[in-house]
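Colleague: My questions all concern the structure below.
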Amino acid sequence: MRVSRSFKKILSISMALLLSTSVVAAAGTSSETKTNNSSSSNVNSSVSNDEYSLKKAIQYNNVYQLHKNWQIQSSAIATENGTSISKSGYKTDGWFNTTVPNTVMGALIEAGDIEDPFIHDRISRTDESRYNAPWWYRTEFTLPATEQGKKILVNFQGIGYQGDIWVNGTKIADKSEIIGSFRTYELDISDYVTADGKTKNTIAVEVTKSNFGKDFSIYWVDWVPRPTDNNMGLWRDVFITTSDVVTTRNPFVTSKVDPDLSTASLNAYVDLTNYSNSPVSGTVEATIKDPAGAVVTTLSQPVTLSAGAKDQEIAFTADKFNGLKINNPKLWWPIGMGEPNQHTVEFKFTANNKVTDRISQKFGIREVTTEMNVSPSTKTSPPLKDMVQFYVNHKPVLIKAGGYSPTDLYLRRDMDTNIAVVEYLKDMGLNAIRDEGIFFDDRLIDLLDENGLMYMGGWTCCSKWQEPAAYSDADLDIANESLISQLRELRVHPSMIAWMNGSDNPPSYGRSIPTGGSLERGKEVEQSFFDIENRLHWDAYGAIISSGSAKVAELTGTVSGMHMDASYDYAPPAMWFEDMDLGGAFGFTSEAGPGPSIPVIETMKKILPEHALWPYNVGGDNYQQWNFHNARGSFRDLSKFNLAMDNHYGESNSLEEYNIKAQVQQYDSQRAVFEALNANKYTKATGWVQWMLNNAWPGMFWNLFDHYLNPNGSYFGAKKGNEPLHIMFDYASNEVKVLNSTNKDYSGLKAKVQVYNIDSKKVYDKEIKNLAVTPDGASAAVGGEPKQVGYQTINFNGKIEKANGITVVDKITEADLQVSPTYFIRLELRDAKDNLVSINSYAQTTKKDLVRYQNHSWNFTPQDQFADFTQLQQLGQVELQIEGKPKTINTGHEQTITYTVKNKGNSIAYAVFAKIKKGVNGELVAPVKMEDNYFMLLPGEKRTLSATYNLADLGNATPVVEVNSYNNLTSKNKPMPTTANLAFGKTATASTTQGTANTPDKALDTTMYTKWQSSTNATTGADPQWFMVDFGGPTKFDRTIIRWDYANYARNMVLEGSDDGVNWEPIYNGTNLNGSSVSDLQFDSVTKRYMRITMSGKRPAGPQIGPGGTGNGVIGLGATPASTSFNIASFEVYSQPVSLNTIQEKLEKYIAKNEVRSPLTNQLGNSLEQAIHHEENGHRDQAINSLNDFLKHMNNEAHRDKISAQAKEKLKADIEDLLKEWK
């Protein structure tokens, strides 16, 4: 994305504007400006300027960036040969201007030739044939006369996928050599260019796209639609370097740190290449400087290079050079553990008293090691007993990572977006990213280095990269060269802690051999990778992980210590705590998460067509437009997430209601992921890679913030769960814990644990004083035995017995409390000075999520039962007030706005959230770091919070704070009953049944996993279909709840009752217009032995989008067929106990329907209100008298025409039942 950067102070004034159920308040005029001179480890990444720059980790001596002044055109249009196109003066009329790096589609989008493809389904309508022909990239440049006579080399850091390269009319490289998206190339163009400061030189590159998934190219798996051009183009940097005949390249420093951290021993390496036809003798000098720029040591050694020597490595090792033993080193530490100090090393080669070339590298003195400890899992297929534990400088590190995706599907780079990603990582308490095989922008990794954030890289899954057992010799050459190129690029970064030779499989995995492949070939490939990693000293620098899975690498007989056996789709909070075998936060999880992550409503309205915004699950274009912005393959729809949401919170009746429920559901699950991880640290869990951190386009799956950098509920859940000093509730043990993820020791802490019912009444209140919590850390692992894995020796089967930084402060026993079906846990933690350091709230239910672990699959674990949060519908609307005017303070390029939100209502305000906008009704300000969101406010409570954003992103607008809550955006329906299900275990029959397993009784059992399914046959399964319950005798009921198997619901429902199963009377006629997976049918009570529902209106088909397709690598979306059956997972029948409140509700309903009219309305209402008043005050006899008065008024012949027969019958029956119960 492209963000305009203009630095202007906010000077305008706006008054607070109070809206009906939300509050909008603008900042006042007083803006204090401060200068940020911080130099701490939590570097506040500055806003970038508009000038392009190469990565900072390596600095060349003389470099000329070929970033601007490029043009592109299809070879189908520019039909001349490369000789003509690469000559000065060639006419480029009709070509598209661009910059490099850029893919073809990225360039065309920026040139305005392609309309924003991220909106609606536009990607599906892009012309794929346009990219079948190669495309030309062409640039002209001049070189100063000072470069004449030097070695002039052009560097291509990434070409997708093949390239023919021409310079000034001469072809210097052919696509048979230039092949592979992840290879780097340095080509000698000295004889083909002129350096006189005047002559225009021309480079032209004809690029050919890859065969997506079949070549060694960029592969997007199931994350996004495939980029139509397969990311063809010059997608990474192109630059020219000049030097004498000997060049210095590939600097690298490794370090070993003594356990007491007193000394570090360094090895420093540089490669020399001799471009002359004669041997060259000279001296290599290495100078190391500390983070302040002071020289630590200068070393040198004589070298003789043979003619044409290529990449000859020169080593300076600590065992030969005492200057490489550094006392009291300033170490590079991960964030939260210390400062990410960076040193520099400069290598220069001198011959004949002349420096031929020099190169410098930033590096961190740090030592990364691993061990394979015993996890809590007993699963053997795959074996999950091993979990990799990372150590940096001998200190254990709990890896809390996000699965990183390039921030743009077309690989358009943007430094401001890189900065936002890093700031968001820090704000959420994450300390690492995992990059699955795209290696998008080295400048992002520079930022990771500077901020102490860790990086794990490696090859991608599900493509040619996952088929090493079938590699030809030519394939292996490309793979090896790709590995060499990427390790050389990445090993200069201290943040780089691990390289993964495979993603889903190790190269020598024996159970998934591609056609034509062999296990022996897989072993050869893995050994080749090990040899390269050893030759490049990677095994002395970081971890080598065989894959992200727990599959055995046959070459070594070991597993990686990672697994991906949790979930990729929705899972309830309890699962992350409860299960240590089939889905919880245990071991080292290389990729997992709760699946869908719905963006804020503003983004939904931006990316979806207006006509398809609501509802979703109704087939047609609505269904497909939403799905187009989901993931692909098994994750192409929101069925699992929405099934849980409908059952958790009840039917949504608008996009606004859907969105707030989605934010709450994903907040709760995402918070639980990291709370479980942190509570299980070191002894049960060693790392988690959240799948995913971000999206390359506007998606609704796998992200913690959306493509436009708007944080959502997932973001704030992750942030809450990763608070440095945090108080939390453990879903499995019911304990309240204080977690310390810092390296500080805390004492004198004070915790408060409270429980509130839905009516805001407190039912539990406990304060724990003088708490202490130790710094983060762990005891040393005990036991185990060393094993050789490649060239590394790793200890296996050890165990960490104790994790530090965890204090249990209380336990909440629900059974001991008088809680409502939905209640709230409120936790607070204060420091020794009574400052609030952590506040955390949970909505809890007496009906729990029950996960069906025995049916866990690779991507999802179903549930037997869903927690019931529908009592949240009883929360009254609340007036949220922003007290006074928000205040702003400018600090450098940023502005912080501070605002105070107060709950002026009588109900708990649940999931209160704020948004910062560019003026009233303006767009959201993004990126934005908000202190807290989706929090709880008690009646009368207020909180002062802040949000920070870039002034440039605000532009000339006045910042406005808008607040709202769950209470104000959701329907006010009856909560689900808590009484017995009258249909449970009774006899069920149906019009038809599909197969032998999905019988009618399955809808009346204890689990939602089983179901009744009507016939899918077009004839026997045609509408209508019916489902019947025999209660075994006359049964009174007034409510039926149908829990559908999501897609297979009925749009139209007719409910009937019968005494004999033959003669039927209508009870209810209803529709399911929103496609909800829960139908809640409420009606006046009846007494019948049989109940029958007749269903019609199956979910319609959804049309194909673009060229269709359902799996990986498609630009469209296949049609969704119409549902062919009705599936009922649970059919429930209830009779609500009669009470004064239910009688009042029924009276109000009849009055609203004009079935009770004045003056009887007032008489009945007054009598009922008196009865309620007397009952509440303990005067039962007087309440009975008032109810008898009610009956007298209703039976008065003078009022016969003021009440319908049905209303009279039902009200009379209820009052007589209540009086009978009271007596």
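The values are calculated or read from the model by the stated rules, or taken from the named source; none is laboratory data. Not measured: the values here are computed from a predicted model. Here the Cβ positions follow ideal geometry from the backbone for every residue, glycine too, while neighbour counts run over all protein chains shown.
Colleague: In the stretch 943-992, how many residues are within 29 Å of K1146 (Cβ to Cβ) and charged (D, E, K, R)?
Modeller: Total satisfying the criteria: 3.
Colleague: Looking at G1178, G1118, G1109 in this structure, which one is farther than 30 Å from S1077 by Cβ, small (G, A, S) and either surrounded by fewer than 21 Cβ atoms within 10 Å (Cβ to Cβ) or touching a strand residue (DSSP E or B) at 6+ places or on another chain (Cβ under 9 Å) (or both)?
Modeller: Unique residue meeting the criteria: G1178.
Colleague: Looking at Y269 and the list (1) more than 26 Å from Q342 (Cβ to Cβ); (2) not assigned by TED's automatic domain parsing to the domain that holds R125, which single condition is not satisfied?
Modeller: Single failed check for Y269: (1).
Colleague: Whether any residue in the stretch 411-420 is surrounded by 24 or more Cβ atoms within 10 Å (Cβ to Cβ), modelled with pLDDT of 95 or more and under 20 Å from the mean Cα position of the chain (by Cα) is what I want to check.
Modeller: yes
Colleague: Taking the criterion of being assigned to a loop (DSSP other than H, G, I, E, B), touching a residue at least 60 places away in the same chain (Cβ under 8 Å) and either over 24 Å from I1203 (Cα atoms) or not assigned by TED's automatic domain parsing to the domain that holds E1175 (or both), would at least one residue in the stretch 1128-1135 satisfy it?
Modeller: Among the residues of the stretch 1128-1135, at least one is assigned to a loop (DSSP other than H, G, I, E, B), touching a residue at least 60 places away in the same chain (Cβ under 8 Å) and either over 24 Å from I1203 (Cα atoms) or not assigned by TED's automatic domain parsing to the domain that holds E1175 (or both), which makes the answer yes.
Colleague: Next question, about the same structure. Search the stretch 1202-1220 for residues being touching an Asp or Glu at 6+ places or on another chain (Cβ under 8 Å) and in a helix (DSSP H, G or I), and hand back the single one that is surrounded by the most Cβ atoms within 10 Å (Cβ to Cβ).
Modeller: Taking the candidates together, the pick is A1207.
Colleague: Condition first: of a type in the set (V, I, T) and assigned to a strand (DSSP E or B). Can you find one or more residues in the stretch 1103-1116 that meet it?
Modeller: Yes: one or more hits.
Colleague: Here are some residues: A469, A479, A420, A432. Which one is without any contact (Cβ under 8 Å) to a residue 60 or more places away in the chain and among the small types (G, A, S)?
Modeller: A469
Colleague: Which count do you get for residues in the stretch 564-589 that are out of contact with any Lys or Arg (no Cβ under 9 Å at 6 or more places or on another chain) and under 21 Å from V397 (Cβ atoms)?
Modeller: Residues flagged as out of contact with any Lys or Arg (no Cβ under 9 Å at 6 or more places or on another chain) and under 21 Å from V397 (Cβ atoms) within the stretch 564-589 amount to 5.
Colleague: Quick one: would you say S547 is buried (at least 17 other Cβ atoms within 10 Å of the Cβ) and of a type in the set (S, T, Y)?
Modeller: Spelling it out, S547 is indeed buried (at least 17 other Cβ atoms within 10 Å of the Cβ) and of a type in the set (S, T, Y).
Colleague: Tell me which residues, restricted to the stretch 592-641, are basic (K, R) and within 17 Å of the chain's Cα centre (by Cα).
Modeller: R632, R636, K640, listed by residue number.
Colleague: Does the stretch 1150-1171 contain at least one residue that is among the aromatic types (F, W, Y), closer than 30 Å to L643 by Cα and surrounded by 15 or more Cβ atoms within 10 Å (Cβ to Cβ)?
Modeller: no
Colleague: Please state which one of A574, A631, A550, A585 is assigned to a helix (DSSP H, G or I) and in contact (Cβ under 8 Å) with a residue 40 or more places away in the chain.
Modeller: The match here is A574.
Quick grid of which residues meet (1) touching a helix residue (DSSP H, G or I) at 6+ places or on another chain (Cβ under 7 Å); (2) at pLDDT below 95; (3) of a type outside the set (G, A, S); (4) not assigned by TED's automatic domain parsing to the domain that holds R1099:
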position: S546; (1), (2), (3), (4): no, no, no, yes
position: E578; (1), (2), (3), (4): no, yes, yes, yes
position: T589; (1), (2), (3), (4): no, no, yes, yes
position: P599; (1), (2), (3), (4): no, no, yes, yes
position: E602; (1), (2), (3), (4): no, no, yes, yes
position: L613; (1), (2), (3), (4): yes, no, yes, yes
position: Y616; (1), (2), (3), (4): yes, no, yes, yes
position: D621; (1), (2), (3), (4): yes, no, yes, yes
position: S654; (1), (2), (3), (4): no, no, no, yes
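Colleague: Tell me whether the stretch 664-677 contains one or more residues that are under 23 Å from I1041 (Cα atoms) and not aromatic (F, W, Y).
Modeller: yes
Colleague: Right, here's the next one. G1021 passes all but one of (1) out of contact with any Asp or Glu (no Cβ under 7 Å at 6 or more places or on another chain); (2) assigned to a strand (DSSP E or B); (3) surrounded by 15 or more Cβ atoms within 10 Å (Cβ to Cβ); which number fails?
Modeller: Among (1) out of contact with any Asp or Glu (no Cβ under 7 Å at 6 or more places or on another chain); (2) assigned to a strand (DSSP E or B); (3) surrounded by 15 or more Cβ atoms within 10 Å (Cβ to Cβ), the lone unmet condition for G1021 is (2).
Colleague: For the stretch 471-481, indicate whether the set of residues that are polar (S, T, N, Q), part of a helix (DSSP H, G or I) and within 28 Å of F252 (Cβ to Cβ) is non-empty.
Modeller: Yes: one or more hits.
Colleague: Do you know which residues across the stretch 850-868 are crowded, with 22+ Cβ neighbours inside 10 Å, out of contact with any Gly (no Cβ under 8 Å at 6 or more places or on another chain) and not small (G, A, S)?
Modeller: Matches in the stretch 850-868: Q863, F866, D868.
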